[in-house]
């Protein structure tokens, strides 16, 4: 877990620094990381963006109640939209829950008016994030 924690904090961490923290050799760290990749525990190394610096600080969670027969068509539409960062199938009051991040409130409003006009959407719940108590490690929002 020390290796995973270290890579989660900074995926560019050197084998040497991880070896020092874990008290093992660099070769051991490399072998363990290679095994984690082979086993599918680590699926990719990626970049974390500072969305504030990109001017995109309007974060919202949107829940959709949908007709079961239209679920897959709505999922297919939403999952390719560049502003939809996460998309989940859920139980409870909504069938789908997704996260969007925009530059301005006007952009969110346009998204709501255009993208959520799909056939099969029975209801929406839009929650705008006012401020974080703990920030998302991937978006910083």
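The values are calculated or read from the model by the stated rules, or taken from the named source; none is laboratory data. Keep in mind it's a predicted model, so treat the numbers as computed, not measured. A quick note on method: Cβ atoms are made from the backbone with ideal geometry, for glycine too, and the neighbour counts reach across all protein chains shown.
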Original post:
Is it the case that the range 49-57 has a residue that's part of a loop (DSSP other than H, G, I, E, B), closer than 30 Å to residue 78 by Cβ, touching a strand residue (DSSP E or B) at 6+ places or on another chain (Cβ under 8 Å) and at pLDDT 85 or above?
Top reply: no
Original post:
If we scan the range 3-17, do we find a residue that is closer than 30 Å to residue 83 by Cβ, in contact (Cβ under 8 Å) with a residue 24 or more places away in the chain, surrounded by 14 or more Cβ atoms within 10 Å (Cβ to Cβ) and touching a helix residue (DSSP H, G or I) at 6+ places or on another chain (Cβ under 9 Å)?
Top reply: yes
**OP:** Return the pairs, sorted by first residue and then second, in which the second residue is in a loop (DSSP other than H, G, I, E, B), the first residue lies in the range 87-98 and is assigned by TED's automatic domain parsing to the domain that holds residue 73, the beta carbons are less than 8 Å apart, and the residues are 6+ apart or on different chains.
**Re:** 89/95; 96/90; 97/90
Original post:
Which of (1) surrounded by 17 or more Cβ atoms within 10 Å (Cβ to Cβ); (2) within 18 Å of residue 123 (Cα to Cα); (3) in contact with a helix residue (DSSP H, G or I) (Cβ under 8 Å, 6 or more places away or on another chain); (4) free of Cβ contacts under 8 Å to residues at least 60 places away in the same chain does residue 64 not meet, given it meets every other one?
Top reply: (4)
**OP:** Would you check which residues across the range 72-98 are closer than 23 Å to residue 119 by Cβ and part of a strand (DSSP E or B) and list them?
**Re:** 84, 87, 88, 89, 96, 97, 98
**OP:** Give the range 1-29 a look and list any residue that's farther than 22 Å from residue 47 by Cβ and under 27 Å from the mean Cα position of the chain (by Cα), or say none.
**Re:** 1, 2
